[in-house]
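The block underneath contains the structure these notes are about, expressed in structure tokens.
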Amino acid sequence: MKLLAKGLMARGIITLAILVAFTACGGKKAEESTENTEIGVAKDKKEIVVGFSQIGAESAWRMANTTSIKSEAEKRPNIKLIFADAQQKQENQIKALRSFIDQKVDVIAFSPIVESGYGPVLKEAKAAGIPVILTDRNVDLSDDSLWETFMGSNFYEEGVKAGKWLKDNYDRLKLPEKSSDTVNVVELQGTVGSAPANDRFKGFRDGIKDAPQFKITKTQTGDFTRAKGKEVMEAFLKADKNIDVLYAHNDDMALGAIQAIEEAGLKPGKDIIILSVDAVRGAFEAMVEGKLNCTVECSPLLGPQLYDAVEKLMKGEKLPKVIWTQEGVFPQEVAAKTLPSRQY
Ligand code: AHR
């Protein structure tokens with residue numbers, strides 16, 4: 001018995017020694033889960049530790065956003081980033097936020113998967129004195145003392161821009177045999193309950209509200225993924241091929257739907273006018289091929305803005321409650337010229 005206890009103790013000491021050595025060498029902290037990745041090593045005592053919880057990797061937009069957050073951290077020697085991927089599950093995200101609180105990071109930043117359900121964990125961060133920055137997506141809480149600033153796109157305006165573009169351009173683009181009196185529009189929504197899905201839904205309807213010829217005949221979530229966009233578009237076409245317009249809440253779903261439209265023997269961009277949101281490279285390539293008609297920009301390049309805000313916070317500066325990203329609208333006509341300069 002004594003021997004066994006001695007053995008266990010010796011093993012414990014060895015494990016502890018390995019952990020201490022590993023941490024001292026700047027490796028991952030022992031208590032971190034494998035989903036958390038640290039980027040950047042403290043170069044001096046002015047180190048700022050930022051815990052960032054990302055939604056997942058559902059779209060090209062999201063991957064460009066992750067690259068921007070990680071690569072900008074690498075450029076700033078005073079920033080140590082702890083990055084956690086929630087794999088599109090809110091429970092994972094809340095767990096990551098709690099782990100940042102336990103680790104006493106200096107700032108928490110995250111892109112909320114959906115708008116609701118973050119009240120308790122944000123109150124815990126506030127009680128721990130850790131400032132929170134919302135990036136890309138907002139929450140639906142009325143107590144805005146729970147975060148310092150929101151930085152990202154105005155999703156409602158993106159929806160309005162898409163609706164207005166359709167209203168102003170449909171007659172010019174439609175095939176001669178198509179009617180102008182009744183235009184059947186189908187919609188692929190983003191993740192249910194997410195800010196971009198809610199706001200792009202509302203904005204689009206407001207954008208076309210004085211144009212009663214546009215009838216939204218079907219609307220369903222495609223969860224912001226290419227695979228789901230294809231699957232839902234296949235189902236729409238199976239139910240009724242009489243579709244004049246597709247409005248997709250992001251480019252990935254539109255690209256998936258384009259495949260479904262081609263497989264159904266129709267010409268995307270001609271038989272069905274297609275508009276979407278994000279302005280990723282894939283959308284520009286599809287426009288150059290004539291398969292997509294317009295994309296409304298939503299920039300994922302939030303890294304520089306994020307760490308500027310973090311550094312200001314650490315200096316005790318007050319941040320504006322909202323920092324909007326400025327964005328444009330890209331119709332097919334400008335795609336070839338614009339594609340080479342796209343950063344994502
Ligand atoms: O929150 C931004 C949205 O999330 C993008 O439009 C979409 O592509 C992403 O997954």
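The values are calculated or read from the model by the stated rules, or taken from the named source; none is laboratory data. Everything quoted here is computed from the prediction, not taken from an experiment. Note: ideal-geometry Cβ built from the backbone for every residue, glycine included; neighbour counts use all protein chains shown. We work out accessible area using only protein heavy atoms, side chains counted, and drop any ligands, DNA or RNA first. Shrake-Rupley method; radii C 1.70, N 1.55, O 1.52, S 1.80 Å.
I need the full set of residues from the range 127-176 which are of a type in the set (Ser, Thr, Tyr) and open to solvent by less than 10 Å² (accessible area, probe 1.4 Å), in order please.
The answer is 135, 149, 153, 170.
With respect to residue 273, determine if the residue is among the β-branched types (Val, Ile, Thr), touching a residue at least 12 places away in the same chain (Cβ under 8 Å) and either part of a helix (DSSP H, G or I) or more than 16 Å from the ligand (Cβ to nearest atom) (or both).
Spelling it out, residue 273 is indeed among the β-branched types (Val, Ile, Thr), touching a residue at least 12 places away in the same chain (Cβ under 8 Å) and either part of a helix (DSSP H, G or I) or more than 16 Å from the ligand (Cβ to nearest atom) (or both).
Pick from the range 146-161 the residues that are more than 12 Å from the ligand (Cβ to nearest atom) and in a helix (DSSP H, G or I): which of them is nearest to residue 279 (Cα to Cα)?
Checked the range 146-161; the qualifying residue nearest to residue 279 (Cα to Cα) is 161.
Can you give me the number of residues within the range 50-73 that are touching a helix residue (DSSP H, G or I) at 6+ places or on another chain (Cβ under 6 Å), under 27 Å from residue 256 (Cα atoms) and among the charged types (D, E, K, R)?
Of the residues in that region, 0 qualify.
Of the conditions (1) small (Gly, Ala, Ser); (2) open to solvent by less than 10 Å² (accessible area, probe 1.4 Å); (3) touching a residue at least 60 places away in the same chain (Cβ under 8 Å), residue 71 fails just one. Which one is it?
Answer for residue 71: the failing condition is (2).
Please specify each residue of the range 164-207 satisfying the condition of being in contact with a Lys or Arg (Cβ under 8 Å, 6 or more places away or on another chain) and away from the ligand (no atom under 16 Å from the Cβ).
Those that are in contact with a Lys or Arg (Cβ under 8 Å, 6 or more places away or on another chain) and away from the ligand (no atom under 16 Å from the Cβ): 175, 180, 182, 183, 184, 185, 186, 207.
Which residues, taken from the range 69-115, are among the polar types (S, T, N, Q), within 14 Å of residue 53 (Cβ to Cβ), under 18 Å from the mean Cα position of the chain (by Cα) and not in a loop (DSSP other than H, G, I, E, B)? Reasoning before the result, please.
Step one: list which residues in the range 69-115 are among the polar types (S, T, N, Q), which gives 71, 78, 87-88, 90, 92-93, 99, 103, 111.
Within this subset, residues satisfying the condition of being within 14 Å of residue 53 (Cβ to Cβ) are 87-88, 90, 92-93, 99, 103, 111.
From what's left, under 18 Å from the mean Cα position of the chain (by Cα): 87-88, 90, 92-93, 111.
Correct list: 90, 92, 93.
Within the range 315-336, track down each residue that is surrounded by 15 or more Cβ atoms within 10 Å (Cβ to Cβ) and not in a strand (DSSP E or B).
Passing the criteria: 319, 325, 327, 332, 335.
For the range 79-86, indicate whether the set of residues that are within 16 Å of the ligand (Cβ to nearest atom), surrounded by 14 or more Cβ atoms within 10 Å (Cβ to Cβ) and either modelled with pLDDT of 95 or more or under 24 Å from residue 155 (Cβ atoms) (or both) is non-empty.
Within the range 79-86 (the criterion being within 16 Å of the ligand (Cβ to nearest atom), surrounded by 14 or more Cβ atoms within 10 Å (Cβ to Cβ) and either modelled with pLDDT of 95 or more or under 24 Å from residue 155 (Cβ atoms) (or both)), the answer is yes, since at least one residue qualifies.
Restricting to the range 56-109, what's the tally of residues that are closer than 25 Å to residue 127 by Cβ and of a type outside the set (Phe, Trp, Tyr)?
Residues that pass the stated criteria total 26.
Give me a count of the residues in the range 192-205 that are touching a strand residue (DSSP E or B) at 6+ places or on another chain (Cβ under 7 Å) and either assigned to a loop (DSSP other than H, G, I, E, B) or open to solvent by 20 Å² or more (accessible area, probe 1.4 Å) (or both).
2
Part of a strand (DSSP E or B), in contact with a Gly (Cβ under 9 Å, 6 or more places away or on another chain) and more than 15 Å from the ligand (Cβ to nearest atom) - does that describe any residue in the range 278-299? Give the steps one after another, and end with the answer.
Kept after step one, since they are part of a strand (DSSP E or B), are these residues of the range 278-299: 278, 294-297.
Cutting the leftovers down to in contact with a Gly (Cβ under 9 Å, 6 or more places away or on another chain) gives us 296-297.
From what is left, the residues that are more than 15 Å from the ligand (Cβ to nearest atom) are none.
Checking the range 278-299: not a single residue is part of a strand (DSSP E or B), in contact with a Gly (Cβ under 9 Å, 6 or more places away or on another chain) and more than 15 Å from the ligand (Cβ to nearest atom).
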